[in-house]
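Single-structure report; data block below.
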Amino acid sequence: MHLKHYQETTLARIRDYLTAVARERKDGNRKHASLDAWNTFGIKTKDGELIHYQEKQNALHEDVPNFCLRIPTGGGKTLLAVHTLGIANDTFYQRSTGLVLWVVPTTQIYNQTLRALRDRGHHYRQVLDTITGGRTLILEKTDRFTPNDVEQSLCVLLMMLPAANRQTKETLKVFKDSGAFAEFFPPEDNHVEQQKLLERFPNLDYFGGEKEQSKQNGFWGKQIKTSLGNVLRVLNPMIILDEGQKAYSKLAQETLLGLNPSLIVELSATPPIGSNILVSVSGKSLNDEGMIKLDLHITNKTSTNWHDTILASIEKLNQLRSKAEEYDAETGNYIRPICLIQAERTGKEQRGSGFIHSEDVKEYLIEKAGVPPEQIAIKTSEKDELKAVDDLGGLMSPECPIRFIITKQALQEGWDCAFAYVLTILTKPTSKNALTQLVGRILRQPFGAKTGIAELDESYVFVYQQQADKLIRSVREGLIEEGLGDLVNSIVVSDGQIATKSTTVKVAQMREQFQAVAKTITLPLFMVERNGKWESVDYIVDLESRIDWEEADISKLFDLSLSETEEKDKELVFAWSKDEDELIEEKSSKQLKAGGLEIDTVLLTRHLIEIVPNPWIAYDFGNTVIERLIKKHGEKLVANNFIFIQEESKKHLQSEKDRLIEGIFYKLIKNDTIRFVVVSGFQFPHEQKFKEVVSAFHPSEKSLLDFIPEESLNGLEKEFVSYLEGQDRLLFWFRNAARQNYALQGWKKHKIYPDFIFTLSKDGKRVENIHVVETKGLHLMNEDTKYKESVFELCNRLAEQREDLNSLKIATIPLRYDVFSDQNWQQRINEAFSSLS
C-alpha cells in the first residue's frame, strides 16, 4: 500500500521530532529534551508564534515526550500509528523490540484494531512485521508473555482505557497479583533484589504496607505484586493512545503516566486544549487524496410518513448498487453499498410506545420494501447481529450479504466500514445530536482511492422532517467533530428530493471569447501504448518495474567515512534491568554491539524497501554494505555509525534509482515505447470547480477562466500574472492547478504540475506559440528544480518534432517549457514575446 502525500509528510515530521529528542538526550539534556526539541520542530500559529508545549513526567519524574497527530476521520490513523512505531524504534529507542501499550476507548475500536493487527495478511500487521522481521506479538491483557518475548519481539499489548483505571484498581485484573508474570520480578524470598527494584520503581504495587508489615509481614518485608500493571511500569512502554481526546480527565492522565511510559503518541480527530499537536492534517488533504466520500448529499424528507424516507434511501442504495456492479465488472474491485438507519428506540420493552423502533424498521424493509432478511442487521447494546458477520471476514467481505444496518447509538464511535454510503435518520427534530454523531460513519472512501464514478465517490444522508437551519448546523458540527471542519462547504441539501449534484462549490467558467481557440489546443503527454490504447506513463508499471537492480552501483557506500566517536546512550534499553548500575552492560550483552548501537540488517532492509521494492534485493544491498564496511572498519565502528550508514544507504540508493529510471525513460523514448504526443492529451477545462475559496481573484480579460482563488497565488505568481497581462501579444493565460490539470510524468515518482500556461498571438485570434512555465523563488532553486529543467528540456526537444509519427501528432503549435526564477522571469517573458516579431 503506497502512502499518501500527507501521510509521508506526517511521518517525516515525526521522524524529525523524535530524532531531535534523541539528540537532546544524547547531549545530556534529560529533563527537558522533549520541550527543547519541540521548540525546533513544533507547530506555529498563523501569526508565527510557537504553540505552547505541555511537558509531562511519568511517576518516576522522567521527561515523557508526548505529541498528538490530528488526523480527521478516514485519514488512516491506525496506519500512521503502526508506521510511527517503526520510526520511534529507529530514532528514539534504536531497537526493533520492546513493549508498546496500545490504548483504545471503546469495545468496537478494540475489536477492529485487534482483528487487523492479528491478521498477517492485513497491511497494518505487515508494516509491523516489516519493522521487526516477523517478530511481532499482538497481546491482550489476559495473555501471558515473558521477559524473553519482550527482548526478542515487538510486543503490542492492546487494552481499553477503563481496564487501566486506577479508581477501582483492587478489583481490576491489570493490577492484581498474577503468577503469569512472576518472571519479570525477583523471587519472593530474594528480599535484597525486591527492595532494589522498589527503590528503582517506587510506584510498584506491593504486599506489606507499613501497618500490614508490622502485624503480618515483618519477616518477609515488602513483596512486589506480580501484576500486569507492575510489568508495564518496569518496562517503560511506548503508549499509543487512540482517540486521545477521551483520555484527558485527571484520573485518565494519572493512570497513564503512572504506568511509567517513555513516549506517548495520541491519535485524534479533535484534540482537546492541552494536546501537543505535532501534525495537523486538514480535511482538504484527505479530500485531495481521495480518502473521503465528498460531496455529502443530504435529502430532507418533509413527508409526515417515515416510510417515505426509507423508500428514498432504498432508491439511492439501488442506484449505487448498480454503479458498484459496473465498477466491479470493469475493475474487479468489489463494493457493496450499505445503508445505515438510525431508529428512535431499540429496547425490547419500548416497541409500540409511539417511537420508531428498530424492529418496526426491519419489519417494513422485509414486508413492504421486499428486502431479504439476511441483508438486514440490527446493532444495539442488547442485540448485535454484526457479531456473526465478523466470523465471515467482516462487512467488506464479498461473502457478507448485509446491506442495511439498523441502530440507535451503537455506531456513533469507533465503527468503521467504507462500504457505508447512505445514512438514514428517522429520529424526529427534537432528537439532538443524531446526525452530528453519525455523519462520520459514511465518509470513508473504499480502498482509500476515488473510483472515478461520481456516485461512488460521494455520500448520502436522508433525514425525516428536520428544520433546514438545524439540519445544516448538525452536519457542520458533525464534520467538525470528525476533524473535517474545513470541508463544510461540500454539503449539498435538497428538500424533498434526492440531491445528485453539488451547488455550493465555486465554479470558474472559461471565458466565452477563448472557447473556440482553446478547443484547438491539446498539450502533449508522455504516453505508452497499452492494450491497443495510448495511456499516460505509469511510474510503477512502466518505469519502476523495468529496473535492473544489478546495474545499481553501491560501491560509493563502501568508502563511507565513519566517525570514531562512540555513540552510546545509557538509557536505550532502560526498562528491564533490575539493577540501574548494571543497566547498559546487562542489556548490551544481549542486544547491543560494542559501542552502543545494534547492527540490524533486517532493520536496514526495512528502510531500503522504501526505495527497492524487492525485499531480497534490498537485503542483499544492505548486507553487502555492512559486510564491506565491517571488513574495512571493524564491527565496533560500524555499530557506532549504523544510523548514519542507514541514512546514507537510502540517499544513495534513491539517487541510483533515479539514475536508472532516467536511463530507462530515455531508452523508451529512443525506441518509441514512450512518446510525447497529443493523442488523449490535455485540453483546457471548460469549467473548473474550487471547493474552498476564501476570496476570488478576478484577473483581467486575458485569463482563460473568469476567476481563480486568490489564495492559490503566492507573491511571485501575482507579480508574474500582472506583468504577463501587460503584454500586447498575450492571447490568454491559464493557472494550472496541482493534481487537477496538466501534469507531466517524468522519471521521478511525483508528477510535475507546471504553474502557468500562456499563449501568444499576432492577431488576437490564432495561437502562434504556447509556453508552459514553472516559477520558482531563488531560495527554492534546488535538485527538484534541476530535475524539472531536465524534463522540460526533453519536452522542448521532442516538441520540435511536429511531424506525424505513425499517425500520432507530436504537437500542432510551437510549444516551449521553461522554469523562470524570481531573478529572471521578466527578462524571460520579454524574450518569449520578442521571438514572435
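Taking a Cβ cut-off of under 11 Å around HIS5, the surrounding Lys, Arg, Asp and Glu residues balance to a net charge of 0, with basic ones at +1 and acidic ones at -1.
Ranked by the mean number of other Cβ atoms within 10 Å of their residues, highest first, the peptides 543-554, 660-671, 637-648 fall in the order 637-648, 660-671, 543-554.
Inter-label distance, ASP706 to TRP616: 6.2 nm, where each label sits 7 Å from its Cα along the C-beta direction.
Backbone amide hydrogens, once placed in the peptide plane, bring ASP295 within less than 5 Å of SER459, excluding anything fewer than 5 places away on its chain. Karplus-based coupling profile of segment 508-522, in residue order and whole Hz: 8, 9, 5, 5, 4, 5, 9, 4, 5, 6, 5, 5, 7, 9, 10, with θ = phi - 60° in 6.51 cos²θ - 1.76 cosθ + 1.60 and x standing for Gly or Pro. Here the dipole of segment 53-187 is about 460 debye; that uses its Cα centre as origin and unit charges on the Cβ of Lys and Arg (positive) and Asp and Glu (negative). Surface composition of segment 306-389: carbon and sulfur make up 44 percent of the accessible area, probe 1.4 Å.
Placing a label point 7 Å from the Cα of LYS765 along the Cα-to-Cβ direction, the residues of segment 710-754 whose backbone N falls under 18 Å from that point are 729-732.
Accessible area per residue for segment 54-204, computed on protein heavy atoms with a 1.4 Å probe, is 38 Å². A crude spin-label estimate for the pair GLU687 and ALA59, with each label 7 Å from Cα along the Cβ direction, gives 6.4 nm.
Between LYS348 and GLU326, how high is the FRET efficiency from 1/(1 + (r/R0)^6) when r is the Cβ-Cβ distance and R₀ = 41 Å? Nearest 0.05. According to the calculation, E is roughly 0.45. Reducing segment 233-250 and segment 639-680 to their Cα centroids gives an inter-centroid distance of 42 Å.
Here r is the Cβ-Cβ distance between LYS31 and SER561 and R0 is 35 Å; the resulting FRET efficiency, rounded to 0.05, is 0.55.
Distances between placed amide hydrogens fall under 5 Å for GLU266 paired with PHE67, CYS68, LEU69, LEU241, all partners being 5 or more residues away or on another chain.
The amide H of TRP102, built 1.01 Å from its N in the peptide plane, has LEU157, LEU158, MET159, ILE240 as neighbours under 5 Å, considering only residues 5 or more places off or on other chains. Peptides 177-184, 242-249 ranked from most to least packed by the mean count of surrounding Cβ atoms within 10 Å: 242-249, 177-184. Element breakdown for segment 1-94 at a 1.4 angstrom probe: carbon and sulfur atoms account for 48% of the accessible area. Most tightly packed first, judged by the mean number of other beta-carbon atoms within 10 Å of their residues, the peptides 194-204, 229-239, 141-151 read 229-239, 194-204, 141-151.
The values are calculated or read from the model by the stated rules, or taken from the named source; none is laboratory data. All of these numbers come straight from a predicted model, not from anything done at the bench. Please note: Cβ atoms are built from the backbone with ideal geometry, for glycine as well, and neighbour counts cover all protein chains shown. Just so you know, the surface numbers come from the protein's heavy atoms only, side chains and all, with ligands and any DNA or RNA stripped out. Shrake-Rupley method; radii C 1.70, N 1.55, O 1.52, S 1.80 Å.
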